[in-house]
Amino acid sequence: MYEWIKAFHVMAVIAWMAGMLYLPRLMVYHAEAQIGSIQSETFKLMERRLLKGIINPAMILTWVLGLYLAWTAFGFKGGWLHGKILLVILLSGIHGFLVGRVRAFAEDRNDKSPRFYRIINEVPAVLMALIVILVIVKPF
Ligand code: HEM
C-alpha cells in the first residue's frame with residue numbers, strides 16, 4: 001500500500017511542478033501582450049485553466065499523500081523530512097503568490113514586468129531540485 005501511495009504522490013508532484021514551471025512562463029508573455037488584445041484574453045483563459053484544472057488539485061494531492069507517507073513511515077521524524085516540509089511550504093507560498101497574479105491578470109491590473117516573471121520562474125525549479133535531493137539522498 002505504501003509504495004502505491006508513493007507512486008501517486010510522485011505523479012501528483014510531477015503535475016504540480018509542470019504547472020508551477022509553466023504558469024510563470026505564460027506570464028512572461030502575458031506581461032508583454034497589449035491589454036484587451038486577443039493574445040491577452042487567450043492567456044487569461046490558459047492561466048485560469050492551468051491553475052484550476054491542474055495546479056490546485058495537484059498541490060492538494062501532493063500534500064495529502066506526502067503527509068500520509070511522512071506520518072506512516074517516518075512518524076514525522078528526520079532532519080531531511082523537516083527540511084523538505086519547510087521547502088514545500090515555501091513552494092506553496094509561491095503557488096499562493098501566482099494565484100494572486102492570475103487574478104491580477106484576469107482583472108487587467110498586472111503591474112509586474114516580463115523580467116520579474118522570468119526571475120520568479122526560476123524559484124520553483126530551484127526548490128524542486130533541493131526537495132528531491134532531500135527526499136532521495138536524505139543527507140541529514
Ligand atoms: C508537504 C508535502 C510533502 C511531504 C510531507 C512529503 C513527504 C514524502 C515522504 C515521507 C516520502 C517517502 C520517502 C521514502 O519513502 O523514502 C516522499 C517521497 C517523495 N517525494 Fe514527497 N513530500 C511532499 C511534497 C513533495 C514535493 C513538493 C516533491 C517534489 C517537488 C516531492 C518529491 C518526492 C519524491 C520524488 C519522492 C520519492 C522518493 C523515493 O524514491 O523514495 N514531495 N515524500
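For the range 103-117, enumerate the residues that are assigned to a helix (DSSP H, G or I) and either touching a residue at least 60 places away in the same chain (Cβ under 8 Å) or farther than 18 Å from Glu47 by Cβ (or both).
Quick first cut of the range 103-117, residues assigned to a helix (DSSP H, G or I) only: 103-106, 114-117.
Across the range 103-117, the qualifying residues are Phe105, Ala106, Pro114, Arg115, Phe116, Tyr117.
Any chance you could count how many residues in the range 52-70 are near the ligand (Cβ under 8 Å from one of its atoms) and without any contact (Cβ under 8 Å) to a residue 12 or more places away in the chain?
So the answer is 1.
If I filter the range 118-139 down to residues being surrounded by 12 or more Cβ atoms within 10 Å (Cβ to Cβ) and outside any helix (DSSP H, G or I), which single residue comes out as nearest to the ligand (Cβ to nearest atom)?
Looking at the filtered set, the residue picked out is Lys138.
State whether one or more residues within the range 38-49 are touching a residue at least 24 places away in the same chain (Cβ under 8 Å) and closer than 28 Å to Pro139 by Cβ.
no
Tell me which residues, restricted to the range 6-28, are within 12 Å of the chain's Cα centre (by Cα), aliphatic (A, V, I, L, M) and over 10 Å from Asn121 (Cα atoms).
Narrowing the range 6-28 to residues within 12 Å of the chain's Cα centre (by Cα): 12-24.
With the extra rule that they be aliphatic (A, V, I, L, M), the set shrinks to 12-15, 17-18, 20-21, 23.
Of everything in the range 6-28, those that are within 12 Å of the chain's Cα centre (by Cα), aliphatic (A, V, I, L, M) and over 10 Å from Asn121 (Cα atoms) turn out to be Ala12, Val13, Ile14, Ala15, Met17, Ala18.
Being surrounded by fewer than 16 Cβ atoms within 10 Å (Cβ to Cβ), out of contact with any Asp or Glu (no Cβ under 7 Å at 6 or more places or on another chain), closer than 30 Å to Lys44 by Cα and of a type outside the set (Val, Ile, Thr) narrows it down to one of Gly75, Gly79, Gly100, so name that one.
Answer to the selection: Gly100.
A quick yes/no check of all residues on (1) polar (S, T, N, Q); (2) touching a strand residue (DSSP E or B) at 6+ places or on another chain (Cβ under 8 Å); (3) more than 10 Å from the ligand (Cβ to nearest atom):
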residue	(1), (2), (3)
Ala7	no, no, no
Ala15	no, no, yes
Leu23	no, no, yes
Val28	no, no, yes
Glu41	no, no, yes
Leu50	no, no, yes
Thr72	yes, no, no
Gly83	no, no, yes
Leu91	no, no, no
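Of these, Met11, Met46, Met1, which one is within 22 Å of Arg118 (Cβ to Cβ), surrounded by fewer than 17 Cβ atoms within 10 Å (Cβ to Cβ) and aliphatic (A, V, I, L, M)?
Met46
Show the residue pairs that are 6+ apart or on different chains and have beta-carbon atoms under 6 Å apart, the first residue being within the range 3-26 and in contact (Cβ under 8 Å) with a residue 40 or more places away in the chain, the second being more than 8 Å from the ligand (Cβ to nearest atom) and of a type in the set (Gly, Ala, Ser).
Ala12/Ala58; Ala15/Ala58; Trp16/Ala58
Just so you know, all these numbers are worked out from the coordinates, no wet-lab data involved. The shown structure was predicted, so the numbers you read here are calculated from the model rather than taken from an experiment. Cβ atoms come from the backbone with ideal geometry, glycine included; neighbour counts cover every protein chain shown.
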